[in-house]
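Readers should treat all values here as calculations from the given coordinates under stated rules, not as data from a laboratory. The model shown is predicted, which means the values in this text are computed figures rather than measured ones. No Cβ is skipped: glycine too gets one built from the backbone with ideal geometry, and neighbour counts run over all protein chains shown.
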Amino acid sequence: MVSSPKNFLFLFLGLAGLTLATSGIALINLGGMNFPIAILIACLQASIIIYYYMHIQSAEILVKIFAVGTLLWLSILILLTFNDYFSRYWTTNPSLWP
Amino acid sequence: MHHEAIRIAGPVTTMSGVVDQLYWFLVFLTVLTSGLIIFLMLFFAVKYRRRPGHEVSHVVIEKTGLIEAIWIGVPLIVFLVIFFWGAKIYFQQMQVPAGALPIYCVAKQWMWKFQHPEGKREINELHIPIGVPIQVTLISQDVIHSFFVPAFRTKMDVLPNRYTNLWFQVNQPGEYKIFCSEYCGLWHSLMQGKVIAMTLDEYESWVDRGKKEPMALKGEQLIAKYGCWQCHQRGSTIASPIFDGLYGGKVHLSDGRTIVADETYIRESIVDPGRRLVAGYANVMPTFKDQISEEEILQLIAFIKSLGVSPGPASSEKTP
Amino acid sequence: MTSSASLEDSALMAENRKRTAELGMWIFLASEALLFGGLFLAYFVYRYSFPQAFAAGVRENDLILGTINTIILMLSALFMTLGILAAENDNKKSSLSCLIMTAFLGLTFLGIKSLEYSHKFQHHLYPGGVFMPEKNWPVGERIFFGLYFVMTGVHALHLLVGIGILAWLIFVLSHKPRVRDSTVWLYTFGLYWHYIDLIWIFLFPSLYLLGRFG
Amino acid sequence: MNEHPDKENYLMAGYGWRSWFLTTDHKRIAILYMLSITFFFAIGAFFALLIRLELLTPAGDFVSSATYNRLFTMHGIIMVWFFLIPSIPSVLGNFLIPLMIGADDLSFPRLNLASWYIFMLGGIFTLISILFGGLDTGWTFYTPYSSSYASGQVLNAGLGIIISGFSSILTGLNFIVTIHKKRAPGLTWGRLPLFIWAHYATSLIFVLATPVLAVTLLLMIVERTLHIGIFDPSLGGDPVLFQHLFWFYSHPAVYIMILPAMGVVSEIVPCFSRRKIFGYKMMACASLAIATLGFLVWGHHMFVSGQSVYAGIIFSLFSFLVAIPSGIKVFNWVATMFRGTITFSTPMIYAFGFIGLFTIGGLTGLFLAALGMDIHVQDTYFVVAHFHYIMVGGAIMGYLGGIHFWWPKICGRLYPKGWPGLSALLIFIGFNLTFFPQFLLGYMGMPRRYHFYPEEFQALHVLSSAGASILGVGYIFPFFYLAWSFFRGPRAEPNPWRATGLEWKTESPPPVHNFDQTPIVTEDPYSYEEKP
């Protein structure tokens, strides 16, 4: 499992490259696409770190379950709260839905 | 009219009877189920208690799947029935019927201030006619309160940054206590009031007593006083949205969203203009945050409403 | 019971100890994720209510310093991993130097962060004080900077605690003849360090990028 | 004193403050927790009695409104965070989890001691906030009152709760890793006692919910000191967001309080019915289901708080789904007694009390989950009665039942006959007399946290206050006879109740390293049929 330092160097360059990319893209006005691209790159960087730096692939199945469980709980917190914020102004008469 | 906090007997409002039906069903369910469980528990305890003649049974119950399924399935069905029943009542209680008599209520730390559209203002007392749906629009000046009338079986929190609505239609004249049921500080328990339900003609005579100054009229005077016409009128030099047909219409915001101009949006535009800017307008309007009181804002909104409710997006076209 | 059996036992023990520590740290990181989850929830809710104010706030933040900071943290993550690798190869000298480099990079990150804070203080953008006297900022702006300070502050606090533990680890390792048998401590701390980097990877776009050109 | 003087039990293993305050032995830490939460329980109960005394009369004439508001706030804070949440997990869980899975200690013993010190640090902050005048925000800290209008020690109390929250996270983490990593050979997941399943589910909630509480109170404190406007409506903030964040923790927190008590009852009922637990798999899954579904239902606290109609409907549906696992548990307990050989010792009496009162508490929860009903009974004494039935009728009954069930194992001595039965009866009568009238008060419309109230409610309040005094007396008895038995009670043999479970296979009180050699588990958890 012990991969050579050279691999980690490439990983770092990849991550740094992604950071420069996301900063650069943020300067260009892509209309609605800015938001998803920035989040996508952040998720990509995050998965690189979790997979290679934190060696989750060599960890036990239990650790993977906890990692996925954390994402699930974060999504519960965010989705159910936004469920309230999105539907707050749908007054009960549907004609006024945005 | 005898004074009395609540009346369990006959339904006071159209909705309180419906809520009571759900209540008695739930009470029946609780008594039945807990009675069954406690009786079974005690029966087993007595029947199988350790005593000399008692032979210890070694039978091991294997097939428990069926009975487990029963006491998952049956509660599931019963719960879903209660859920839909409760949701139906909730929908009715949250949907203000058209043509309801509007009452405006401003909650302040430890008192209720009411305004009638005809201009009558009262503190901690609310006179309403019976037989007519009443809509109470609630706003708070400081912390979260909660407008709770036990007899009407209804309650709604009063938020400081948003209007919340509550409606009821009283059928029996009488006095009904108002409580503040969300903790709001030192004299939270002092914040009580009375709803006085009267027959229609009694209410008419009550409202006409004293000088009549409808809220819409006062709203118009306020608009002149605060100089809103300088911008918000056709032909004014500074481009700004006009009020005709604003209320209820769709407004296209500068960030691309379209919302419905309800009371909260209008109040927000007065108190914090830059928050939801109309598309195509600059954020130049000064804030009137601490200059216009909540009651006056309600009067301004009443005036804007009186300019007609427009379904179409008339309000966002520019002045020349 | 030959020595090879006891050797293999101790290897099993070490493996078990590592797995236990790893599981414990991952569960702790789960709770920390929920901690920042609450902050991100507040951020997204107010971004939904004040899109323009947040976009203006993002433009106010210095992009160059933000990008440099992100790369610095990634570099520190690289050195942390190299430090663990060196420790596993029982190369004490290079492991210690990598760890010292990681701590140094962490401190430079905090240095740049305090540089940004001082910029904001000059513009009176700090919460609590006189807020935004110059421009007529929309209301949401105050919440953006309030959240900016809370989120980056809690992250910086975690980083500070991390650097403190790292310094203690370096001190302990420097006195140990063989580095090999304390890799469990380093490996577990490495997870925590990478987690701090992970949080910053999500903080950076939310506070420096989203809405720059909304 | 023991038959095998050479094998030191954990109580004798050291004297002086160093052996107690620097111990990493999970059994001694459990006793430290027991003493500290008993201390906090005394404070909380004292405030409760003052509240009930005040509510005897409609006019607020016993204490001033300011004092009354502080009383119910501190009663809430202390009882929730410094008694109920740590009670069964930190005392019985700490003591029994290593014993039940055949381990010598928890996976991180030093972390266990650290979590006790962090808990006490949090307690000290809260006591400071009480001594310097207390706070009157209610244990729910609703903004904008708590962040902009409240005077009083909001900062100290908030910090105290955040710190005690970290103690819960560390305890939960310790339990999860121990249950995964330190089970005895042969102890598969299907053979784990249900006490362990319940604490596993509770630890999941500890780890996943408590951090959100820490963030929420941190934001409230920052809002109060630095006015960043996040919850302040005049600066654009939304107070309902605070309620979302707060209840995201606080509803799973009520499952933290009840799940361990369910674990205790799942141990007591089979032992005193001499029957295998009915539907072991369903009971284990029910614990996990409660823990996971418990995170989806927090919106039922906010049906009338300006939350949207559609969110309310979704939260109400989930609230009904979370009620089903609790139903499964109650039915399975009663089914366990079928064809058993039931003895009425004290733990079993408390288990009866738990099942009866938890059933009533749970079913009244349906009133609050049904949307149409909740509009009327929200923020009234109906809610107060509901959660006291679950917390006092459920969690405290479970805690007392567990203490009595494992008392011989904890201190190697038996408690006296007679007194426990009397105190259990007093507690049962006093409890029902205190809280059942509050259901009626709630439906008649008596709002929560009222210092003075209309006269129509006085009759029920007098009943409730009378019940409170009986309940108070009932709670005093266990202090005395358990303290007496700790020092002078008759010696107990390793397995006085002839119960199954690894903790009964070692001496009582157990030696420092629990087991001479790690036990091998071969049989199913509750094999009571083979040993009548």
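The table that follows gives values for the structure above.
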read-out: Exceeding the 30 Å Cα-Cα cut-off - candidates B:K289/C:K113; B:K88/B:K212; A:K64/C:K113; A:K6/C:K120; D:K27/D:K417; A:K6/C:K18; value: B:K289/C:K113; B:K88/B:K212; A:K64/C:K113; A:K6/C:K120
read-out: Charge dipole (region B:159-287, unit charges on Cβ, about Cα centre) - positive-most of B:S181, B:A282, B:V260; value: B:A282
read-out: Degrees separating the helix C:92-122 axis from the principal Cα axis of chain C, which is the longest one; value: 10
read-out: Sorted by Cβ neighbour density within 10 Å, fewest at the top, the residues B:H188, B:H127, D:H386; value: B:H127, D:H386, B:H188
read-out: Helix-only mean residue ellipticity at 222 nm for chain B, each DSSP H run of n ≥ 4 adding -39500 (n - 2.57), per residue, nearest 500; value: -11000 deg cm²/dmol
read-out: Amide proton proximity set for D:G306, modelled H, under 5 Å, gap of 5+; value: B:D157
read-out: Anisotropy class of region B:215-316 from Cα gyration tensor, a/c 1.5 cut; value: rounded
read-out: With Cα atoms, 0 to 90° folded angle of helix C:51-60 axis to chain C main axis; value: 70
read-out: For region D:118-139 versus region D:144-171, the gap between their alpha-carbon centres in whole angstrom; value: 8
read-out: Degrees, to the nearest 10: D:280-293 long Cα axis against longest axis of chain D; value: 30
read-out: Members of D:K181/D:K329; C:K93/D:K181; B:K120/B:K225 lying beyond 31 Å, as alpha-carbon distances in this model show; value: C:K93/D:K181
read-out: Qualifying lysines (Cα of each under 19 Å from Cα of B:K47; at least 8 residues distant if same chain); value: D:K276
read-out: CD proxy at 222 nm, helix term only [per DSSP H run n ≥ 4: -39500 (n - 2.57); per residue of chain D; nearest 500]; value: -21500 deg cm²/dmol
read-out: DSSP loop trypsin sites (Lys or Arg not before Pro) with at most 13 other Cβ within 10 Å: longest gap in chain B; value: B:64-208
read-out: Highest-first arrangement of D:303-309, D:262-268, D:320-326, where packing means the average Cβ count within 10 Å; value: D:262-268, D:303-309, D:320-326
read-out: Three semi-axes of the equivalent ellipsoid, the protein assembly as shown, Cα gyration tensor, whole Å, largest first; value: 51, 43, 24
read-out: Sequence-separation-based contact order of chain A, relative, with Cα cut under 8 Å and 6+ spacing, percent; value: 17
read-out: Residue-averaged beta-carbon neighbours from other chains (10 angstrom radius) around C:192-199; value: 3
read-out: Cα principal axis extents for region C:46-103, largest first, Å; value: 54, 21, 11
read-out: Shielding by partners, peptide D:268-281 (average Cβ within 10 angstrom, other chains); value: 2
read-out: Estimated [θ] at 222 nm from DSSP helical runs (n ≥ 4, -39500 (n - 2.57)) normalised by residues in chain C, nearest 500; value: -28500 deg cm²/dmol
read-out: Highest to lowest packing among B:200-207, D:160-167, scored as the average C-beta count within 10 Å; value: D:160-167, B:200-207
read-out: Point-charge dipole on Cβ atoms (K/R +1, D/E -1) for chain D, about Cα centre, debye to 20; value: 1040
read-out: Protection proxy ranking of D:127-140, D:8-21 - average other beta-carbon atoms within 10 Å, highest first; value: D:127-140, D:8-21
read-out: Overall dimensions of region A:1-54 as given by Cα atoms, namely Rg and Dmax in Å; value: 13.3, 44
read-out: 10 Å Cβ neighbours from other chains, averaged over peptide D:240-246; value: 6
read-out: Counting DSSP beta bridges with both ends in the protein assembly as shown, the antiparallel % (nearest 5); value: 70
read-out: Leading residue at positive end of dipole, the protein assembly as shown (Cβ point charges), from B:V207, B:I67, B:V31; value: B:I67
